[in-house]
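Let me begin by presenting the structure, written as structure tokens, before commenting on it.
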Amino acid sequence: MRLPPPQVAVLEAASASEPRTTDTLAEEIGEDEATVAGAAFALDEAGLVDVTDRTETSVSLTDEGRAYADEGLPEVRLYEAALGVGADEEPASMGEVIGASSLDGGLVDIALSNYARKGYGSVERGELRADRSADPDEDSEARTLAELVSDADAVDPVDLDADVLDQLERRQLVERHDRAVRAVRLTDDGVTALMEGVEPAETADRLTSSMLTSGAWRETEFAEYNVAADAPEIRAGRAHVLRQVADRVTDVLVGMGFQEMEGPHVDADFWINDCLFMPQDHPARTHWDRFALESPERIDDLPEDLVERVERAHHDGAGEYGDGYNAPWDEDFSRALALRGHTTSLSTRYLSGYQVGELEPPQRYFSVEKAYRNDSIDNTHLLEFFQIEGWVMAEELSVRDLMGTFTEFYEQFGITDLEFKPHYNPYTEPSFELFGTHPETGDLIEIGNSGIFRQEMLDPLGVDCDVMAWGLALERLAMLITGAEDIRDLHGTLVDLDFLRNAEVIY
Ligand code: PHE
């Protein structure tokens, strides 16, 4: 019989009388374990060996377990001190016994919580009794620790008392480790094959261009691949799920003709709110909702003529029917610095010409950047999140254009069931919110806010055509794409690593 060389080696090294593990075989043959496992599976399929899997458990001491193995378990030390002060005759005060035991800090609590459980005595109303018949030498937990400290490798957990082991694990004094062990044993057919003679076949594991040009491929015997065999898992680096969605969003918007905006995370209220015709007494502008900066307190550099025009719009409004707020407007207030509560601050910077100079229609701009809000955290809210900001500037725009843009954008992510709801923003008219259906829960979730910028906002910025704009939530989009039901499953301390490793961001 002719077999690929690794299979010959495994067959020859395997035994009919006892299973041999793939790691011992690998070491003996000088191959890596994955090759041996692959060869073993092929031989198993051919009926020449039996491959079995089992889980092997080993036990090791934690640092705390090792310390107790050296110095004695805290409850044993307490018991010995109790005997020392005669608590087996007369109850002794806890303070006295603890003093005599020289246990300190957390060890006292540990000693007390195990003392009575293990029959060393009782603790009642500040007094401690010791039971004379208790025997620390017979303490099964202490004995197991001692056994493990001398040679953990020699201890087979199967030989240990399961209850004692559970208890030690609960006390975090030992750790159990499970390891998959794969073993190979020759079958009768395998023995017969070996007796009749097995030779390595000269097989090629890949087709090369020289085989093709020389025609050698015609005579070549190719190795068979077992693509169903287990292979070691290789965990390569991977972009975070949210980053993958953000990158995809960028690709889609660039593909739709948008340019990217950049700007500061900390910005003046002027750019974040005042330029958006947000009244200075708007609830979102109170310290409850925003993360204000303590230092520096304010921005020095603002374009004076723009400040003046914005102030005038707040007072008197703009356009034919504009009315303004008829409320005091304070320049100092607009110079205060905060983490931006939305990335619409980038849009005001760009639309005003401040960031990249005057812009002539048509223009399309976007950003996928962080915004910060002092919200209550729940399954759809975090204190910081990513907004997909965007706007289109053109002579003539309508809500139809907005709806069409969203339909086209969300289709790229397989979302075709958008719903729109009329909404209110101080800076857009008309305005509407966007909703999508969560693939797992079926709930309608809000995924964005949008509208057509008002004249009161655009006039002071010096824009005299239409601008439609939006802020979409990247995390909510990611929830619809991946099926994550809680925003905290996407990022933050609670995220499941397996989710990050395996989640598919559909392209
Ligand atoms: N700034 C709005 C928000 O954070 C989004 C938005 C941007 C709405 C532009 C309309 C126009 O919800």
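Taken together, the values in this text are just the output of simple stated rules run on the coordinates, not laboratory data. On a predicted model such as this, the values are computed, not experimentally measured, just so you know. Note that each Cβ is placed from the backbone with ideal geometry, even for glycine, and that neighbours are counted across all protein chains shown.
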(request) Quick one: what are the phi-derived ³J(HN,Hα) couplings along the stretch 258-274, Karplus 6.51/-1.76/1.60 with θ = phi - 60°, whole Hz, x for glycine and proline? (result) 8, 10, 8, 9, 10, x, x, 6, 9, 9, 6, 4, 3, 6, 6, 10, 4
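Scan the stretch 258-365 for GluC sites (Glu not before Pro) in coil per DSSP, keeping those whose Cβ has at most 14 other Cβ atoms within 10 Å, and list them by number.
Counting only loop positions with at most 14 other Cβ atoms within 10 Å, the GluC sites (Glu not before Pro) in the stretch 258-365 are E262, E294, E297, E320, E358.
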(message) At a threshold of 8 angstrom on Cα-Cα distance, excluding pairs fewer than six apart, so keeping six or more, what relative contact order does the chain reach in percent?
(response) 14 percent
(request) Collect residues whose amide H, placed 1.01 Å from N in the peptide plane, falls under 5 Å from the amide H of F432; neighbours closer than 5 in sequence don't count. (result) H423, S450, G451
(message) Please list, in order along the stretch 232-237, the HN-Hα scalar couplings obtained from phi with the Karplus expression 6.51 cos²θ - 1.76 cosθ + 1.60 (θ = phi - 60°), rounded to whole Hz, x for Gly and Pro.
(response) x, 6, 10, 9, 7, x
(request) Determine, from the Cβ-Cβ distance of E27 and E175 and an R0 of 22 Å, the FRET efficiency 1/(1 + (r/R0)^6), rounded to the nearest 0.05. (result) 0.25
(request) Please give the calculated 222 nm ellipticity per residue for the chain, where each DSSP H segment of at least 4 residues contributes -39500 (n - 2.57) and the sum is spread over every residue; nearest 500 deg cm²/dmol? (result) -10500 deg cm²/dmol
(request) Report the net charge of residues surrounding R285, where surrounding means a beta-carbon distance below 11 angstrom and charges are Lys +1, Arg +1, Asp -1, Glu -1. (result) -3
(request) Report, in whole Å, the centroid distance computed from the Cα atoms of the stretch 320-373 and the stretch 83-119. (result) 68 Å
(message) What does the net charge come to around A394 if you take all other residues with beta carbon closer than 15 Å to its beta carbon, with K and R at +1 and D and E at -1?
(response) -4
(request) Could you state the angle between the C-alpha long axis of helix 241-255 and the longest principal axis of the C-alpha atoms of the chain, as a value from 0 to 90 degrees rounded to the nearest 10? (result) 40 degrees
(request) Taking every pair of alpha-carbon atoms in the stretch 1-116, give the share separated by more than 20 Å as a whole percent. (result) 60 percent
(request) Give the order of T24, T187, T493, T144 when sorted by the count of other beta carbons within 10 angstrom, beginning with the fewest. (result) T493, T24, T187, T144
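Arranged by the count of other C-beta atoms within 10 angstrom, fewest first, what order do F333, F409, F41, F222 take?
So the residues, fewest neighbours to most, are F222, F333, F41, F409.
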(request) With a cut-off of 11 Å, note down the residues of the stretch 338-355 whose backbone N falls inside the zone around a label point 7 Å from the Cα of A292 toward its beta carbon. (result) 338
(request) May I ask what percent, to the nearest 5, of DSSP beta bridges between residues of the chain are antiparallel? (result) 90 percent
(message) Past the 21 angstrom mark, what percentage of all C-alpha to C-alpha distances in the stretch 63-170 do you count?
(response) 35 percent
(message) Please compute the length gained on full extension between E127 and V399, using 0.36 nm multiplied by the number of residues separating them and subtracting their Cα-Cα distance.
(response) 90.0 nm
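Calculate, in nm to one decimal, what M211 and V266 gain on full extension: separation in residues at 0.36 nm each, minus their alpha carbon distance.
In short, 13.5 nm is gained.
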(request) Would you please give the residues with an amide H less than 5 Å from that of G341, counting only those at least 5 places away or on a separate chain, with H modeled from the backbone geometry? (result) Y372
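If you rank H438, H491 by fewest surrounding Cβ atoms within 10 Å, what's the result?
H438, H491
Using the alpha carbons of the stretch 244-502, what is the convex hull volume per residue in cubic angstrom, as a whole number?
Values: hull volume 33.9 nm³, N = 259.
Measuring per residue, one finds 131 Å³ for the Cα hull of the stretch 244-502.
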(message) As I understand it, the value is the acute angle between the Cα axis of helix 33-45 and the longest principal axis of the Cα atoms of the chain; what does it come to in degrees, rounded to 10?
(response) 70 degrees
(request) Report the dimensions of the stretch 215-352 along its three principal axes from the alpha-carbon atoms, largest first, rounded to Å. (result) 91, 36, 25
(request) Calculate how steeply helix 140-151 sits against the longest principal axis of the alpha-carbon atoms of the chain, using the helix alpha-carbon long axis, and give the answer as 0 to 90 degrees to the nearest 10. (result) 90 degrees
(request) Have a look at the stretch 155-262 and give its Rg and Dmax from the Cα atoms, expressed in angstrom. (result) 27.9, 75
(request) Express the relative contact order of the stretch 63-170 as a whole percentage, based on alpha carbon pairs under 8 Å and six or more residues apart in sequence. (result) 29 percent
(message) In 20 Å bins starting at zero, report the fraction of Cα pairs in the chain per bin as a rounded %.
(response) 17, 26, 24, 27, 6, 0
(message) Per 0.36 nm of contour for each residue apart, how much would the distance between E331 and D63 grow if the chain were fully extended, relative to their Cα-Cα spacing?
(response) 90.4 nm
